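Okay, structure first, notes after.
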Amino acid sequence: MRVRPNPAEVERAAKLLAEARMPLMIVCDEVYNARAVAKAVKLAELLGMPVTQARQIFASFPETHPLWVGSPPAARLATLDFPKNPDVVINVGNKLQHNSPAPIVGRGAKFIDMRIDSWSMGNVMSTEVPLVADVAYGLDDLTAAVAQLLSDSTRKRIRERSEEVRRFHDKAAALRALVARNPEWERSPMLADRVTHEVAQFAERDAIIVHEAGSVNLHGFDFNPDGGRELFFYYGAHLGSGVGTAAGVKLARPKRQVICLVGDGSFVFGPTALWNMARLELPVITVVYNNHAYGGPHSRVIEKVPGGRMVQTGHFFHDYLGSPDMNMAWIAKGFGVEAEVAQSPEQLKAALERARRASLDGKPYLIDAQVARMGVAWADTPWTPPIRIALERARKV
Ligand SMILES: Cc1ncc(C[n+]2csc(CCOP(=O)(O)OP(=O)(O)O)c2C)c(N)n1
Ligand SMILES: [Mg+2]
């Protein structure tokens, strides 16, 4: 069922947005699902309004658009570099699962909440305007209402704001490109950022990226759900969901290149769908970021319990997956999928070309990309508990 928003609430929201000093829009999964990306772009452009996205499954806005200001690094809008103090925030299609005592949207701004899934509306955020609607209709109606309200002086202010947002967008893009200036760019085992960079160079312009690559920060893909590259992020899924998700996405979209990015810890929780890829000839390319570790949980322990015994002794019980190292290419071969290990950027580039040829032949392919452990407090040879059951045996059977 598709629902239009209450016209009286649309009027109130339009007035808040038209009068705002610095409005901010959060676009989320309902925008993608309602195929309303172009409508979100239209409203943003009408208002010269910066656009961001809080943790979701899909990318719901063209990331090269000059009004795109990136996603907040720590989920909350307060962690955005820009804008720092929005006075009106509009959510379009996010259920707002806050995951923290500090809500995603700060308390300072007036808040407009537009979505069809209204269950959690107003339960944490005090909400100035609730707009229960199919977001495609909601965006249409709101855009029409805002257009009615814009005076010449407001339009001038909007043009100036658009320029300010564009300057930030361009600066952020220039800074992101500096990732390639890392002095360790050529190292092996590789920087995770280097692996991401090579895959982003390699991916088709309308590739679908299934992302379960642990603590890896995606960059360089310039997602654009309106005809460009698309994202399936592991939000809300269990560890090990990535490979199965990728197989499902390829089944649903056989004409699109599907690339599965997965951490080694995540991969070993759920490689089973490799077998389905082999049997059904689903040419998915899987890249494992193999740092032989639960890198994220390692860093989180140090962050959350810095005075703990594991940090004091350097003996971490839960994070190192080496000794013996797992070979993900062998695991893939066991499921009937051709695979190889890539140690260096050169090997990775060559491996990606072989993966492309496998895709042409209708075959899945896996690359076990060797990635450095870069968090704090990693030893070169991490400690493991000195337990050797074989030595404890009273009977050698
Ligand atoms: C079913 C399940 N078990 C455990 C966890 C906790 N957990 C979150 S991230 C993670 C490790 C991920 O490791 P990896 O994929 O190698 O990524 P890295 O942290 O090394 O980047 C674990 C165990 C989880 N999210 N889901
Ligand atoms: Mg890992």
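We did not get these values from a lab; they are worked out from the coordinates using the rules stated. The model shown is predicted, which means the values in this text are computed figures rather than measured ones. In this analysis, Cβ positions are derived from the backbone assuming ideal geometry, glycine residues included, and neighbour counts consider all displayed protein chains.
Could you give me the ³J(HN,Hα) list for the stretch 22-29, computed from phi with Karplus coefficients 6.51, -1.76, 1.60 and θ = phi - 60°, whole Hz, x at Gly and Pro?
Result, rounded to whole Hz: 9, x, 9, 10, 9, 9, 9, 4.
Which peptide among 372-385, 71-84 comes first, and what is the full order, when sorted by highest mean count of other Cβ atoms within 10 Å?
Those peptides, ordered most packed to least, come out 71-84, 372-385.
Counting pairs of alpha carbon atoms under 8 Å apart in space and at least six apart in sequence, what relative contact order in percent does the chain give?
It rounds to 15 percent for the chain.
Once phi is turned into θ = phi - 60°, what whole-Hz ³J(HN,Hα) does the Karplus curve with 6.51, -1.76 and 1.60 give for every residue of the stretch 54-63, x standing for Gly and Pro?
Ordered by residue, 3J(HN,Hα) equals 8, 2, 8, 7, 9, 8, 10, 8, x, 6 Hz.
If one computes the Cα centroid of the stretch 216-254 and of the stretch 172-206, what distance in Å separates the two points?
About 19 Å separates the Cα centre of the stretch 216-254 from the one of the stretch 172-206.
Could you tell me which of the pairs LYS84/LYS156; LYS255/LYS349; LYS39/LYS156; LYS42/LYS255; LYS15/LYS255 are separated by over 32 angstrom between their Cα atoms in the structure shown?
Result: LYS15/LYS255 exceed 32 Å.
In debye to the nearest 20, how big a dipole does the chain give about its Cα centre with +1 on each Lys and Arg Cβ and -1 on each Asp and Glu Cβ?
Using only the charged Cβ atoms, the result is roughly 360 debye.
Test of the criteria: in the stretch 176-215, which trypsin sites (Lys or Arg not before Pro) are in a DSSP loop and have at most 16 other Cβ atoms within 10 angstrom of their Cβ?
Of the trypsin sites (Lys or Arg not before Pro), the ones in loops of the stretch 176-215 whose Cβ has at most 16 other Cβ atoms within 10 Å are ARG187, ARG205.
Using θ = phi - 60° and the Karplus relation 6.51 cos²θ - 1.76 cosθ + 1.60, list the HN-Hα couplings for the stretch 80-85 in order, rounded to whole Hz, with x at every Gly or Pro.
3J(HN,Hα) across the stretch 80-85, in whole Hz: 5, 6, 7, x, 7, 10.
Going by C-beta contacts inside 10 Å, put ILE158, ILE104 in order with the fewest on the left.
Going from least to most buried by this count: ILE158, ILE104.
What residue among ASN99, ASN327, ASN276 shows peak mean-square fluctuation when the chain is described by a Gaussian network model with Cα springs under 10 Å?
Comparing ASN99, ASN327, ASN276 in the GNM, the peak value goes to ASN99.
Quick check for you: which residues of the stretch 189-223 have the amide N under 17 Å from the point 7 Å beyond the Cα of TYR235 toward its beta carbon?
Residues 209-219, 222-223 fall inside that zone.
Can you give me the angle between helix 37-47 and the longest principal axis of the chain, using Cα atoms only, in degrees from 0 to 90, rounded to the nearest 10?
It works out to around 50 degrees.
Measure nothing fancy, just the Cα-based angle from helix 135-149's long axis to the longest principal axis of the chain, in degrees from 0 to 90, nearest 10.
The angle comes out at about 40 degrees.
Between the alpha-carbon centers of the stretch 124-161 and the stretch 259-327, tell me the distance in whole angstrom.
With the stretch 124-161 and the stretch 259-327 each reduced to a Cα centre, they are spaced 44 Å.
Could you sort 256-262, 221-227, 112-118 so that the peptide with the highest average Cβ count within 10 Å comes first and the rest follow in order?
256-262, 112-118, 221-227
At a 10 Å Cβ-Cβ cut-off, how would you order VAL371, VAL92, VAL146, fewest neighbours first?
VAL146, VAL371, VAL92
Amide H to amide H under 5 Å from VAL287: which residues, 5+ apart in sequence or cross-chain, H placed 1.01 Å off N in plane?
CYS260, LEU261, VAL262, ILE367
Quote the FRET efficiency, to the nearest 0.05, computed for LYS15 versus ALA78 with a Förster distance R0 of 35 Å and r equal to the Cβ-Cβ distance.
For R0 = 35 Å, the calculated efficiency reads 0.85.
If you keep only loop residues by DSSP, which chymotrypsin sites (Phe, Trp or Tyr not before Pro) in the stretch 304-358 have at most 11 other Cβ atoms within 10 Å of their Cβ?
Answer by residue number: PHE317.
Please give the helix 345-360 orientation as an angle from the longest Cα principal axis of the chain, in degrees from 0 to 90, rounded to the nearest 10.
Approximately 80 degrees, to the nearest 10.
Test of understanding: ordering THR272, THR196, THR52 by Cβ neighbours within 10 Å, fewest first, what list do you get?
By the 10 Å Cβ count, ascending: THR272, THR52, THR196.
Give the residues of the stretch 213-249 whose amide nitrogen is closer than 14 Å to a point set 7 Å from the Cα of ASN182 in the direction of its Cβ.
Counting only backbone N, you get 215-220.
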